[in-house]
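Below is one structure, written out as structure tokens; the observations come after it.
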Amino acid sequence: QVQLVESGGGLVQAGGSLRLSCLASGRTFSSSAMGWFRQAPGKERGFVAAIRWSGGNTYYSDSVKGRFTISVDNAENKVYLQMNSLKPEDTAVYYCAGGASTIVAGPRQYHYWGQGTQVTVSS
């Protein structure tokens with residue numbers, strides 16, 4: 001049974017930083033891509049960033065490029081999202097996703113999802 005468990009969310013002031021973690025278990029993701037998505041109240045789930053489980057290529061949405069960094073730790077089976085220079089518009093529930101064949105932005109390409117972690121950025 002595949003499990004993705006996010007952690008690291010919380011409340012932070014604008015300009016601050018948070019690091020989200022996603023622990024993957026239940027299968028080998030080595031040949032696939034992992035992603036982070038977010039969903040604000042009343043909005044659709046949107047793409048944030050993606051990375052191949054083997055590392056290397058990354059892909060970011062324009063809204064977070066230069067502020068967020070996605071990375072993997074194969075030994076720990078974790079995917080991270082380092083978020084710097086946070087803005088109130090970054091407030092959302094952040095979801096870890098896995099099982100895509102390549103780094104893509106479309107949520108339907110990912111087969112596994114975590115339950116999400118809340119990030120709130122105050123102004």
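The values are calculated or read from the model by the stated rules, or taken from the named source; none is laboratory data. Just so you know, these numbers come straight off a predicted model, no measurement behind them. In this analysis, Cβ positions are derived from the backbone assuming ideal geometry, glycine residues included, and neighbour counts consider all displayed protein chains. The area values use the complete protein model at the heavy-atom level, side chains included, leaving out ligands, DNA and RNA. Shrake-Rupley method; radii C 1.70, N 1.55, O 1.52, S 1.80 Å.
Worth pointing out:
- For the chain, the share of accessible area belonging to carbon and sulfur comes to 44 percent (1.4 Å probe, ligands and nucleic acids excluded).
- Dipole of the chain, positive end: most advanced residue of ALA100, VAL48, MET34 [Cβ charges, Cα centre]: ALA100
- Spatially proximal aspartates and glutamates relative to LYS78 (Cα-Cα < 19 Å; intrachain offsets below 8 disregarded): GLU6
- Heavy atoms of the protein chains alone define the surface here; on that basis segment 1-90 has 52 Å² accessible area per residue at 1.4 Å probe size.
- Reach of LYS87 by Cα under 24 Å, taken over lysines that are not fewer than 8 positions away in the same chain: LYS43, LYS65
- Debye, to nearest 20: dipole size of the chain, +1 on Lys, Arg Cβ, -1 on Asp, Glu Cβ: 120
- Model label points for THR102 and SER122, set 7 angstrom from Cα along the Cα-to-Cβ axis, are 4.4 nm apart.
- The simple Förster model, with R0 at 30 Å and r as the Cβ-Cβ distance, assigns ASP62 and LEU11 a FRET efficiency of 0.75.
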